[in-house]
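What follows is calculated from the coordinates using simple rules that are stated; it is not laboratory data. For clarity, every value in this text was computed on a predicted model and none was experimentally measured. In this analysis, Cβ positions are derived from the backbone assuming ideal geometry, glycine residues included, and neighbour counts consider all displayed protein chains.
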Amino acid sequence: MREEIKELCEALGWIDLGPQKNIYMMSFREEETGRRVNIYPTAMTVTVEDINHIQRHYHDVTLEKLEEILA
């Protein structure tokens, strides 16, 4: 699942921020806007933070829903 998430994010223009302190979390930054997304693949929970540090949380996200969130 982690590889599918990484491929999807990178295909949509998100840059992988590499290993995180929380080993269960994957983080990406959108190149154009600077938004950040944290993804917890085991629970498929997603947090999107905009440049003003406002966060939106999503739970039980499918790959299709993740694509909608990131688009």
(message) For Rg and Dmax of the Cα atoms in Å, pick the label among [x] 10.9, 30; [y] 11.7, 36; [z] 16.3, 57 that corresponds to the value derived from the coordinates.
(response) [x]
(request) Filter the GluC sites (Glu not before Pro) in segment 1-33 down to the DSSP loop ones having no more than 12 other Cβ atoms within 10 Å, then list what survives. (result) E31, E32
(message) In whole Hz and in residue order, list the ³J(HN,Hα) couplings for segment 12-20 that follow from phi through the Karplus curve 6.51 cos²θ - 1.76 cosθ + 1.60, θ = phi - 60°; x for Gly and Pro.
(response) 8, x, 9, 9, 5, 8, x, x, 10
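Among the trypsin sites (Lys or Arg not before Pro) in the chain, which ones are in a DSSP loop with at most 12 other Cβ atoms within 10 Å of the Cβ? Mind listing them?
Details: sites: R2, K6, K21, R29, R35, R36, R56, K65; in loops: K21, R35.
Filter output for the chain: K21.
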(request) Quick one: what are the phi-derived ³J(HN,Hα) couplings along segment 49-61, Karplus 6.51/-1.76/1.60 with θ = phi - 60°, whole Hz, x for glycine and proline? (result) 10, 7, 5, 9, 6, 8, 10, 10, 10, 10, 10, 6, 7
(request) For a footprinting-style exposure proxy, rank Y40, Y24 by other Cβ within 10 Å, fewest first. (result) Y24, Y40
(message) At a 10 Å Cβ-Cβ cut-off, how would you order I54, I39, fewest neighbours first?
(response) I54, I39
(request) Pull out the extension gain between R35 and M1, defined as 0.36 nm times the separation in residues minus the alpha carbon to alpha carbon distance; nm, one decimal. (result) 10.0 nm
(request) Output the relative contact order of segment 2-70, whole-number percent, from Cα pairs under 8 angstrom with separation of 6+ residues. (result) 21 percent
(request) Taking H placed 1.01 Å from N in the peptide plane, check which residues at least 5 places from L17 or on another chain put their amide H under 5 Å from its amide H. (result) S27, F28, R29
(message) Can you give me the long-range amide H partners of M44? Hydrogens built in the peptide plane at 1.01 Å from N, cutoff under 5 Å, separation of 5 or more residues or another chain.
(response) none
(request) Could you please report the charge total around G13, scoring K, R as +1 and D, E as -1 over all other residues with beta-carbon less than 14 angstrom from its beta-carbon? (result) -3
